[in-house]
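Reading through the structure tokens given below for one structure.
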Amino acid sequence: MTKTENFIPSVNSALRVLELLMEEKYQSATLSEISIALSINISTCLRILKTLQKKHFVSYDEQSKKYQLGFFPALVGDRAKEINNYLSIIANQLSEAQSDIKHMLLLSQPINDAEMVYVAKEESQSLVRLTANVGEKFPIIVGAMGKCFMAHLPQEKAEDILKNFAAENKLPHYAENSIATIDAYKKEIEKIRQDRFSESHSEYIPGVSAIACPIFNSKKEVAFIVGIYFSGSLNHLEKQELVEKLQKLADQITGSVSVFI
């Protein structure tokens, strides 16, 4: 059976609708907004939404005429955490570490060769809050998390991914300090392999800085990336202290979850 035969377009479209409603920008959206964002025919989109509404995956506000996630995805998420014990373990370790680290902690993993997704978050104690949500996706090559993941892939795999993003050796520009070329990116990830951590400053989102470390599975393959997110910059001593704490946390999580994955 081919991959095409295993693929059901209507199911894929319904899942894309749910993924869209998970995003901050579209957490409450009209039929037209959803249809345009996903390039789905408006009548088809309406049928999908009505089906999801009937099963409580989405809800509909008659006054605003907007759709948002219903209560059932939350139940699915809670049940998934119960089944996948390692996610609960990681969430607990992030919570414990946050009291010492005091910055936002995020956990991400790849969902394909183009994107990563945040799967866990622990908020900062700072009055200045950064916007990042569980379920939010981002390009697999960007920022501290993306670079950290790419650095721990087999070299051939990483190069193939970079080629898919590049146009004539140039990479997409997201923010002020985005890495511009494949050659510069390769130098960066080689340094990350040696340092055992990555960092970024306004590479994907303006004004946002991050430090990230890898988490490995039982086969010594990178499975997750854990990162510290903050606004502005740190002095050398502050950065070194956070790097050491994050590396320790990443090692602890690796030790805890490698028996499961």
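Computed 3J(HN,Hα) for region 57-74, one whole-Hz value per residue from the Karplus formula 6.51 cos²θ - 1.76 cosθ + 1.60 where θ = phi - 60°, is 7, 10, 10, 10, 9, 4, 6, 7, 6, 10, 9, 8, 4, x, 7, 5, x, 5, glycine and proline marked x. The relative contact order of the chain comes to 14 percent, based on Cα pairs under 8 Å that sit 6 or more residues apart. Bridging of residue 170 to lysines at a Cα separation below 24 Å is possible for 137, 147, 157, 186, 187, 191, once same-chain residues fewer than 8 apart are set aside.
Under the rule of -39500 (n - 2.57) per DSSP H run of 4 or more residues, summed and divided by the residues of the chain, what mean residue ellipticity at 222 nm is obtained, to the nearest 500 deg cm²/dmol? Value at 222 nm, helices only, nearest 500: -14500 deg cm²/dmol.
Computing FRET efficiency as 1/(1 + (r/R0)^6) for residue 63 and residue 24, where r is the C-beta to C-beta distance and R0 is 30 Å, gives about 0.90. Classification of region 9-73 by its C-alpha gyration tensor yields a rounded form. The axis ratio a/c (a ≥ b ≥ c) stays under 1.5.
Remark: region 84-257 carries a charge dipole of roughly 140 debye about the Cα centre, counting +1 on each Lys and Arg Cβ and -1 on each Asp and Glu Cβ. Modelled spin-label separation between residue 231 and residue 180, with each label point placed 7 Å from Cα along the Cα-to-Cβ direction: 2.9 nm.
Among 194, 53, 247, the largest mean-square fluctuation in a Gaussian network model of the chain (Cα springs under 10 Å) belongs to 194. What whole-number distance in Å separates the alpha-carbon centres of region 166-200 and region 15-94? So the separation of the two Cα centres works out to 33 Å. With all pairs of different C-alpha atoms in the average, the Kirkwood value for the hydrodynamic radius of region 84-257 is 16.1 Å. Multiplying the residue separation of residue 159 and residue 196 by 0.36 nm and removing their Cα-Cα distance gives an extension gain of 11.4 nm. Our estimate of slack between residue 11 and residue 239, defined as 0.36 nm per intervening residue step minus the Cα-Cα distance, is 77.6 nm. Per-residue 3J(HN,Hα) values for region 31-42, derived from phi via the Karplus relation 6.51 cos²θ - 1.76 cosθ + 1.60 with θ = phi - 60°, read 4, 4, 4, 5, 4, 5, 4, 9, 6, 10, 3, 5 Hz in sequence order (x marks Gly and Pro). Each residue in 72, 224 was given a count of other beta-carbon atoms within 10 angstrom of its own, and listing them fewest first yields 72, 224. Note on residue 76 and residue 51: the model spin-label points, each 7 Å out from Cα along the C-beta direction, lie 1.3 nm apart.
Bear in mind that the values in this text are calculations on the coordinates, not laboratory data. Bear in mind the structure is a predicted one, so any value in this text is a computation, not a measurement. Quick reminder, even Gly has a Cβ in these numbers, built from the backbone with ideal geometry, and neighbours come from all protein chains shown.
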